[in-house]
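**Q** The structure under discussion is supplied below as structure tokens; questions concerning it will follow.
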Amino acid sequence: MQISKIKIKNNGAWLFLGAWLLTLPVARAESDMQLQEKALKARELIRQQGGGVDHSAHAAAAGESEAFRGVFYGYLPCLEKDCDGFKMTLSLKQKNNYLLVTQYARASSREFYDKGKYEWDDKSRTLSLTSNKDAAKRLFAIKDEGTLVQLDSKGLPMPGSQDDYTLRRSDKAKSREVHIH
């Protein structure tokens with residue numbers, strides 16, 4: 001009888017502890033997209049209120065390419081025979097560095113990374129990526145500040161619809177999710 005009373009007390013203590021833990025506030029992590037949206041809203045609010053620091057002096061010196069930095073996402077078709085397409089993430093960073101991540105649309109497909117330098121040509125409205133690995137160049141047409149369209153190695157449009165070769169900057173697109181067919 002004493003053993004069953006001890007078990008009841010132990011079980012009661014565990015139940016009380018479990019119920020108490022359920023009443024504690026739950027910490028929820030925000031996604032990077034949610035955090036980015038909050039930061040953009042805060043920046044816009046500061047700009048509307050006329051507050052903040054005036055960055056115009058050094059922003060003008062940096063040039064248009066500095067304002068174009070960001071992360072671009074897209075799902076592009078393949079020209080190869082047994083390929084369903086690939087996801088591409090292009091990150092344009094400071095000091096004209098880039099990181100390009102590609103992943104073929106297959107189950108358990110690995111990611112391929114390429115780093116290098118990028119150049120922005122205001123006159124021709126093109127972005128040129130030069131790889132550190134083999135000095136190969138990739139070209140993109142600059143459609144607007146949030147959209148890039150991949151070009152072939154000669155700077156000509158890719159075959160088919162240009163919308164199929166489009167990368168969108170994360171803060172201009174509503175979602176980073178890529179729809180794979």
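The values are calculated or read from the model by the stated rules, or taken from the named source; none is laboratory data. Please read all numbers here as calculations on a predicted model, not as lab measurements. For neighbour counting, all protein chains shown are included, and Cβ atoms are generated from backbone atoms with ideal geometry for every residue, glycine included.
**Q** Looking at the range 81-118, which of its residues are under 14 Å from residue 132 (Cα atoms) and either in contact with a Gly (Cβ under 6 Å, 6 or more places away or on another chain) or of a type in the set (Ser, Thr, Tyr) (or both)?
**A** 98, 113, 118
**Q** Pull up the range 115-136, narrow it to residues that are surrounded by 14 or more Cβ atoms within 10 Å (Cβ to Cβ) and of a type in the set (Ser, Thr, Tyr), then point me to the one that is farthest from residue 149 (Cα to Cα).
**A** So the residue we want is 131.
**Q** OK, next. Among the candidates 100, 35, which residue alone is surrounded by 11 or more Cβ atoms within 10 Å (Cβ to Cβ) and either modelled with pLDDT under 85 or farther than 24 Å from residue 162 by Cβ (or both)?
**A** Exactly one residue qualifies, and that residue is 35.
**Q** Could I ask something else about it? For the subset of the range 109-153 comprising residues that are under 22 Å from residue 85 (Cα atoms) and of a type in the set (Asp, Glu), which member is modelled with the highest pLDDT?
**A** That would be 114.
**Q** Say whether the condition of being in contact with a strand residue (DSSP E or B) (Cβ under 8 Å, 6 or more places away or on another chain), modelled with pLDDT of 90 or more, over 30 Å from residue 41 (Cα atoms) and not hydroxyl-bearing (Ser, Thr, Tyr) is met by at least one residue in the range 166-178.
**A** No, the range 166-178 contains no residue that is in contact with a strand residue (DSSP E or B) (Cβ under 8 Å, 6 or more places away or on another chain), modelled with pLDDT of 90 or more, over 30 Å from residue 41 (Cα atoms) and not hydroxyl-bearing (Ser, Thr, Tyr).
**Q** Same structure, new question: Answer yes or no: is there a residue in the range 89-99 that is more than 23 Å from residue 159 (Cα to Cα), over 17 Å from the mean Cα position of the chain (by Cα) and of a type outside the set (Ser, Thr, Tyr).
**A** yes
**Q** Here's another thing I want to ask about it. Take the range 153-165 and flag every residue that is under 23 Å from the mean Cα position of the chain (by Cα) and surrounded by fewer than 19 Cβ atoms within 10 Å (Cβ to Cβ).
**A** 162, 163, 164 - these are the residues of the range 153-165 that are under 23 Å from the mean Cα position of the chain (by Cα) and surrounded by fewer than 19 Cβ atoms within 10 Å (Cβ to Cβ).
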